[in-house]
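This report concerns only the one structure given below.
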Amino acid sequence: MSLKLLAPAGAFLLGTVAVCSPVYGAPAAKHAASAADTRLSALYNGYSAWEDKEFGYFQDSRGEQQRAGYLPHVDEASQLRRAAHLKDLLAQLNAINTAQLSPDEKLNAEIFRTVLENEISDYQFRTWEMPFNSDSSF
């Protein structure tokens, strides 16, 4: 099946799900942030700021991400330091009681966990040592 046929079908299905949803058009319910929500938010926002600084990015006055005037360190010591930091973040994430999270923050926690686990595995398998080419590393 061609992509031209799949795109309209996908748009139709998404529209159908949205219209048939019982909360379509209803304002989203606001939940008071629990202590667990606040801890999680601080954790992933801190990760974002760390990653920007670590890899040479910053947000300009319009909130857009820009390259900083430096390149990240790529030596083995820096790679191992990053891996240790990510493992520490994952341990802090695991210490948060997910039962106390709001539904939105539960989803954020699972996404954040996946990001951390994937990055940790990249460091564990030392993917920074792979030679690279135009398609897929080695």
Would you kindly find the accessible area of Lys106, with a 1.4 Å probe and non-protein molecules such as ligands, DNA and RNA excluded, rounding to the nearest 10 Å²? 90
Percent accessible area from carbon and sulfur atoms, region 63-120, protein chains only, probe 1.4 Å: 54
Paramagnetic reach from Glu51 (point 7 Å along Cα→Cβ, amide N under 13 Å) across region 59-95: 86, 90
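The values are calculated or read from the model by the stated rules, or taken from the named source; none is laboratory data. Please read these numbers as outputs of a predicted model, since none were measured by experiment. Here Cβ is always computed from backbone atoms with ideal geometry, including for glycine, and neighbour counts include all displayed protein chains. Each accessible area value is taken on the protein alone, full model and side chains, heavy atoms only, with ligands, DNA and RNA left out. Shrake-Rupley method; radii C 1.70, N 1.55, O 1.52, S 1.80 Å.
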